[in-house]
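Throughout, read-outs are computed from the coordinates displayed, never taken from laboratory work. What you see is a predicted model, and the numbers here were worked out from it, not measured in a lab. As a convention, Cβ positions derive from the backbone with ideal geometry for all residues, glycine included, and neighbour counts pool all protein chains shown.
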Amino acid sequence: MPDTPAITGIDIPPSHEHAPLLGDGRYQHDAGGVFRELYQTHGPVAPVLLPGGVPAWLTLDHQTLRRVTEDTATFARSSKRWRLGPLLPPDWPLWPLLGGGQAQDSLLYAEGEMHRQRAGALSSALEAVDRNEFAARCQQISEQLLARFAPAGAAELMADYALQLPVLAMSWALGAPEEDSRNLPADFAAMLSGGPDTIAGWHRARAVVARLVAQARRRPGANVASRLAAHPIALSDEQLVEDLLVTYIAGHIPTAYLIGTTLRLMLTGDRFTDTLRRGRLSVSDALHEILWHDTPTQVFAGRFTSRVTELGRYRIPARDLVLLGLAAANTDPALRPDPAAGVRDNRAYLSYSHGPHSCPMPARDLSEVMASTAIEALLDALPGLSLACHPNQLRWVSTIWMRGLESLPVRFDPAALSLGTPRGLPWM
């Protein structure tokens with residue numbers, strides 16, 4: 001993550017004088033180690049700094065995260081409550097994920113009855129997606145993507161596959177023309193990176209969704225955007241853009257990283273490589289192991305204290321930012337004293353957050369359909385699949401919020417797949 005100069009007017013309080021910077025080199029190399037050290041030093045909540053020297057608090061255990069996400073009166077959602085918000089420049093690279101600018105109009109930052117209504121409308125629109133039809137579409141997209149590199153005997157599975165399939169599947173479900181989806185993976189990655197292209201990527205992605213909203217108003221169809229536009233709560237165009245943009249990003253990047261990291265586990269973890277060799281695949285087990293141990297969304301933003309409150313060992317001032325440590329909560333020793341123990345059929349992880357503002361169940365279902373279909377189709381199509389580099393050479397994306405591979409090079413036996421002529425992927 002690029003260095004961000006200290007922001008004028010932002011003072012470091014005594015509680016944060018020695019706080020670590022989230023997103024620095026150590027964090028990118030070993031975020032799990034950073035979380036463990038913070039827990040050992042500070043307990044269930046720790047002071048941290050964001051780029052620009054912006055102070056915040058990070059939850060580090062399961063119980064504290066549940067408390068923060070359930071107590072919406074004390075830990076509120078609207079970014080307008082943040083006392084430091086007016087001091088931050090509009091081009092601060094973390095604004096797209098912290099509710100700055102137009103993002104304040106998103107359902108993510110709505111509160112009370114307004115949030116309940118908007119979240120319910122989105123859940124209804126997503127629930128109406130036919131699961132069998134969606135799975136069949138994911139299978140078709142998988143096969144089309146695979147047909148492009150299967151004959152080569154080698155591929156880079158993040159760029160060629162994992163980052164492509166979810167955005168194409170989400171575009172189909174939302175009703176966006178595929179040609180409009182061409183640059184969305186890069187724009188979403190820019191938004192999450194906190195780098196120099198963050199704000200520009202945000203605006204480019206918003207423009208795509210604005211065209212989708214205009215199309216849904218003009219020519220409604222059997223898709224999520226049209227159903228949301230027609231919902232009785234009568235969202236404005238601006239609200240539609242923000243809610244659909246949230247849906248797009250949440251459906252794409254975490255799912256892409258879930259696919260990549262799960263494939264890495266299946267290609268390098270002893271238990272899963274053994275099942276590959278013997279032809280007995282455990283895709284569901286691998287997916288849920290990643291959601292426990294290496295969840296794509298590591299830190300989620302955020303909550304804003306409505307009053308002075310005690311949290312862990314600290315007295316948190318009013319109108320401060322509290323970040324949700326999802327990855328830290330999942331590895332909380334109090335929750336699972338033996339991290340090496342199996343997690344089969346255990347869904348107590350908080351990878352989708354918790355409480356009223358957690359990821360809607362229909363969205364979780366669609367994400368796991370995309371991920372499981374993508375992995376199973378790939379394993380079926382590519383015999384002799386193996387990693388094309390040493391596992392230690394794999395690198396992770398540079399972002400505070402997410403954990404995903406930059407690349408996943410593989411080799412396999414060349415396969416001439418009889419999948420027909422790939423359709424609907426004009427930019428590839």
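Here are some notes:
- J(HN,Hα) series, the stretch 230-236, from Karplus relation 6.51 cos²θ - 1.76 cosθ + 1.60, nearest Hz, glycine and proline x: 8, 5, x, 6, 6, 5, 6
- Overall form of the chain per C-alpha gyration tensor (a/c, 1.5; a/b vs b/c): oblate
- Between HIS29 and ALA135, the C-beta separation translates, for a Förster distance of 30 Å, into a calculated FRET efficiency of about 0.20.
- Long-range HN-HN contacts of GLY99 with modeled amide H, under 5 Å: none
- Span from the the stretch 239-258 Cα centroid across to the the stretch 291-306 one, whole angstrom: 15 Å
- For LEU311, nonlocal amide neighbours, meaning residues 5 or more places apart or on other chains whose placed amide H falls under 5 Å from its own, are ILE316.
- Full-extension gain in nm, ILE7 to MET361, via 0.36 nm per residue minus C-alpha separation: 123.6 nm
- Taking θ as phi - 60° and the Karplus parameters 6.51, -1.76 and 1.60, the scalar couplings of the stretch 394-409 work out to 5, 10, 9, 5, 9, 7, 5, 7, 10, 10, x, 6, 5, 8, 9, x Hz in sequence order, x denoting glycine and proline.
- With the helix formula -39500 (n - 2.57) applied to DSSP H stretches of n ≥ 4, the chain reaches a computed 222 nm mean residue ellipticity of -14000 deg cm²/dmol.
- Using a simple spin-label model with pseudo-atoms 7 Å out from Cα toward Cβ, SER236 and GLU368 lie 3.7 nm apart.
- Using θ = phi - 60° and Karplus 6.51 cos²θ - 1.76 cosθ + 1.60, couplings along the stretch 92-97 (whole Hz; Gly, Pro as x): 4, x, 9, 4, x, 9
- Rounded Å value of the spacing that divides the Cα centres of the stretch 354-381 and the stretch 96-165: 9 Å
- Placing +1 on each Lys and Arg Cβ and -1 on each Asp and Glu Cβ, with no other charges, gives the chain a dipole about its Cα centre of roughly 460 debye.
- Taking other C-beta atoms within 10 Å as the exposure proxy, CYS138, CYS389, CYS359 rank CYS389, CYS359, CYS138 from fewest upward.
- Between GLU406 and LEU379, the C-beta separation translates, for a Förster distance of 22 Å, into a calculated FRET efficiency of about 0.50.
- Per-residue Cβ neighbour rank within 10 angstrom, fewest leading, HIS231, HIS252, HIS288: HIS231, HIS288, HIS252
- Counting Lys and Arg as +1 and Asp and Glu as -1 over every other residue whose Cβ lies under 9 Å from the Cβ of THR261, the net charge comes to +1.
- Placing dummy labels 7 Å off each Cα toward the beta-carbon, the span from ASP197 to LYS80 is 3.4 nm.
- Förster radius 41 Å - calculated FRET efficiency between GLN40 and ASP180, Cβ distance, rounded to 0.05: 0.30
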